[in-house]
1. Yes or no: Ser5 part of a helix (DSSP H, G or I), surrounded by 10 or more Cβ atoms within 10 Å (Cβ to Cβ), small (Gly, Ala, Ser) and at pLDDT 85 or above?
2. Among all residue pairs at least 6 apart or on different chains, which show Cβ distances below 6 Å where the first residue, located in region 102-131, is more than 21 Å from Val46 (Cβ to Cβ) and the second is assigned to a helix (DSSP H, G or I) and small (Gly, Ala, Ser)?
3. Looking at (1) modelled with pLDDT under 75; (2) part of a helix (DSSP H, G or I); (3) surrounded by fewer than 10 Cβ atoms within 10 Å (Cβ to Cβ), find the lone condition where Ala174 falls short.
4. Hey, can you tell me all the residues within region 48-67 that are more than 21 Å from the chain's Cα centre (by Cα) and assigned to a loop (DSSP other than H, G, I, E, B)?
5. Just checking, how many residues over region 124-155 are exposed (fewer than 10 other Cβ atoms within 10 Å of the Cβ) and among the hydroxyl-bearing types (Ser, Thr, Tyr)?
6. When residues of region 49-65 are filtered for being surrounded by 13 or more Cβ atoms within 10 Å (Cβ to Cβ) and either closer than 23 Å to Ser92 by Cβ or aromatic (Phe, Trp, Tyr) (or both), how many remain?
7. Which of the residues belonging to region 125-159 are modelled with pLDDT under 75 and in a helix (DSSP H, G or I)?
8. Could you list, in sequence order, the residues of region 156-165 that are surrounded by 10 or more Cβ atoms within 10 Å (Cβ to Cβ) and among the acidic types (Asp, Glu)?
Amino acid sequence: MPRQSKIIKKASETPEVVEAIKRRVGRPAKHEYGPEISEKIYECLVAGMDMVEACKYLELNRGQIYRWKDQYPEFDTLCTRAREAMMEKRLSDLRLSIKDAKKNKDDPTWFKIELGFEQWNAERIASRVYGPRTKTEVTGKDGAPIQMQQHTIIDSASLDPDQRDALRAILLAAQGQPEGNADE
């Protein structure tokens, strides 16, 4: 089957036919992006659903959601805020559970496990807020800029006698000594 671009090049029909060919092929989207659908997705995510559950609940294609996130930066930001709000709600619920457990003198082992899981989950779902904070600075001594030095090592044993003599002359000249006064 010829590619779409070849079909368009071969088309000698009217501009309307060419436009119809250029349109995207496939099943039409059940939902178009708009404020209503983005608000529904936000509410699902804040309520604690992950994106897969929200898509099933709203009868959306997950791929469409990710295309919308790429196509509409404000939707991507909204989803990020929803995940952060969901984690705040979950952590608030966890705090209440811990307070109730203290009142009832429940076994703290399960709450340690739950706390560890929620912490792990928060770091992955809303890493910008709950992720580890690391800052790496590279400086020299006492905060000064890093000093770079270049050293060249010459293996004099691998040099032939003429090269050794030339090297000796260069080194003596760099030290300011005449060539004949070198200590052998």
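1. It is false that Ser5 is part of a helix (DSSP H, G or I), surrounded by 10 or more Cβ atoms within 10 Å (Cβ to Cβ), small (Gly, Ala, Ser) and at pLDDT 85 or above.
2. Matching pairs, first to second residue: Phe111/Ala101.
3. For Ala174, the failing item is (1).
4. Passing the criteria: Gly48, Met49, Glu59, Leu60, Asn61.
5. 4
6. Residues flagged as surrounded by 13 or more Cβ atoms within 10 Å (Cβ to Cβ) and either closer than 23 Å to Ser92 by Cβ or aromatic (Phe, Trp, Tyr) (or both) within region 49-65 amount to 5.
7. Ile125, Ser127, Arg128, Val129, Tyr130, listed by residue number.
8. Hit for region 156-165 is Asp165, nothing else.
The values are calculated or read from the model by the stated rules, or taken from the named source; none is laboratory data. These numbers come from a predicted model, not from an experiment. Positions of Cβ are generated from backbone atoms using ideal geometry, with glycine treated the same way; all protein chains shown enter the neighbour counts.
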